[in-house]
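Worksheet for the structure shown next.
The values are calculated or read from the model by the stated rules, or taken from the named source; none is laboratory data. Everything numeric here is computed off the predicted structure, so don't read it as measured data. A quick note on method: Cβ atoms are made from the backbone with ideal geometry, for glycine too, and the neighbour counts reach across all protein chains shown. What goes into the accessible areas is simple: the full protein's heavy atoms, side chains included, and nothing from ligands, DNA or RNA. Shrake-Rupley method; radii C 1.70, N 1.55, O 1.52, S 1.80 Å.
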Amino acid sequence: VMTHRVKPWSHGVATLFTLFLFTTSPVAASGGLRTASIHSTTELADKSSLGGRVFLRGALNPRWQVELNAGYSQLSGSQYATNAISSESRLLYFTGFGSAWTTGLYGGIGLLGYRLATSPPQRTPGTKATGWSTVVPVGIHLSRPLGAALGHELLVGYTYTLSDEINRSTQEKGNDSFWSVEIGFVFGGNGVPHTNPHNQQSIPQTKQND
């Protein structure tokens, strides 16, 4: 069975690039935390589980933001359970600015470390209980400001891993992945933009004659 072996430096490059964007961004960074409902999609019988994530975010302009996050989750099924830690670099693009909600899309790259807490009875020979994998997260982002420096957000995403061994089973061709629904809060900075940049107009100054 052929599997993908991950080189951790690939995510290190992405992390350094994100930190560079943070340090060169003229807008103050924001941060927050999210909790998630996660559903794995593997060749075994999967079930939903929980996870959590903390993040830092910086605005490049009114529509683009960069995010660096770290989290913990458990990917599980009826016959397996995998504890996972991850770190991701994401790029967010805000597509719509409503009166209450701001909509956007995100994509990125990350690194996931996993350890099997419960291995399935039908595990594939040669697979290991621990390992690393590159991950590619994509999804939809909804946010709403709750105050000058506080916001609420909802993310619906899909994460594709470059490994088929996260549950120690490679019975079917295709890498493991999972869906997630994340709910959280963002604090400070400009984490929840709510002004359409195309509607920002300068007010002409009129000269008054005495």
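Data overview
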item	result
Local electrostatic count at residue 172 - Lys and Arg +1, Asp and Glu -1, tallied over other residues with Cβ under 15 Å	-2
Largest-first principal axis extents, alpha carbons of the range 140-186, Å	51, 15, 13
Charge tally in the Cβ shell below 9 Å around residue 155, where Lys, Arg are +1 and Asp, Glu are -1, residue 155 excluded	-1
Length-normalised contact order of the range 94-166 in % [C-alpha pairs under 8 Å, at least 6 apart]	32 percent
Long-range Cα-Cα pairs in the range 31-126 (distance over 15 Å), rounded percent	69 percent
Environment charge at residue 123 (Cβ cut-off 15 Å; Lys +1, Arg +1, Asp -1, Glu -1)	-2
Semi-axis lengths (Å, descending) of the ellipsoid that matches the C-alpha gyration tensor of the range 80-173	36, 13, 11
Rounded accessible area per residue of the range 65-158, 1.4 Å, Å²	42 Å²
